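Below is one structure, written out as structure tokens; comments come after it.
The values are calculated or read from the model by the stated rules, or taken from the named source; none is laboratory data. In this text the structure is predicted, and so the values were computed from the model without any measurement. Cβ sites come from the backbone with ideal geometry, for glycine too, and all protein chains shown count toward neighbours. These accessible areas exclude ligands, DNA and RNA; they are computed on the full protein's heavy atoms, side chains included. Shrake-Rupley method; radii C 1.70, N 1.55, O 1.52, S 1.80 Å.
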Amino acid sequence: MILTYHKEGDYLLPNLTVPEAPKLGKYGMLRRCYLRKNRQGIYTGLLLNGKLNKHLEEVDRQADEMVKRLISQMVKLQGVTEELKEQDQLKWVGLMNNIRAAAEEIVLKELVYS
């Protein structure tokens with residue numbers, strides 16, 4: 001990387017740009033916190049190589065996809081249908097909340113906190 005300067009008055013100031021902030025969701029932010037607190041070597045290595053943001057975005061994308069896929073599979077396995085939603089909304093909401101919590105727990109264990 002070549003550093004260039006511009007003159008302001010009697011001073012030469014470096015032409016620096018701030019890198020674009022990553023577009024992170026819930027899982028990317030959780031991964032960043034986990035790496036910073038528990039895997040400082042990996043965190044520092046990714047940060048110094050300029051690969052941290054890409055890694056966090058990838059983990060976030062994979063986690064979102066995995067949660068959606070797991071929810072879809074669990075809904076089919078447990079027989080949660082639109083008919084149930086029409087007949088007993090409270091039961092449907094309870095089942096869907098349990099399914100989502102289970103899917104998120106799996107994703108957190110296997111992707112975010114590993």
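Observations
- For the criterion of being under 30 Å from Gln40 (Cα atoms) and either modelled with pLDDT under 95 or of a type outside the set (Gly, Ala, Ser) (or both), Val93 fails.
Every residue, every condition in (1) on the phi < 0 side of the Ramachandran plot; (2) among the charged types (D, E, K, R); (3) in contact (Cβ under 8 Å) with a residue 40 or more places away in the chain; (4) surrounded by 14 or more Cβ atoms within 10 Å (Cβ to Cβ), yes or no:
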site: Ile2; (1), (2), (3), (4): yes, no, no, no
site: Asp10; (1), (2), (3), (4): yes, yes, no, no
site: Pro22; (1), (2), (3), (4): yes, no, no, yes
site: Tyr34; (1), (2), (3), (4): yes, no, yes, yes
site: Gly50; (1), (2), (3), (4): no, no, no, no
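- Just one residue in the set Met74, Met29 is open to solvent by less than 50 Å² (accessible area, probe 1.4 Å), assigned to a helix (DSSP H, G or I) and closer than 26 Å to Tyr113 by Cα; that residue is Met74.
- Test: residue in the stretch 73-80 that is closer than 22 Å to Lys109 by Cα, of a type in the set (Lys, Arg) and at pLDDT 95 or above: no
- Per-region count, the stretch 52-71, residues open to solvent by less than 80 Å² (accessible area, probe 1.4 Å) and farther than 14 Å from Gly28 by Cα: 2
- Selected residue (criterion: farthest from Ala103 (Cα to Cα)) from residues of the stretch 77-90 that are surrounded by fewer than 13 Cβ atoms within 10 Å (Cβ to Cβ) and among the aliphatic types (A, V, I, L, M): Leu90
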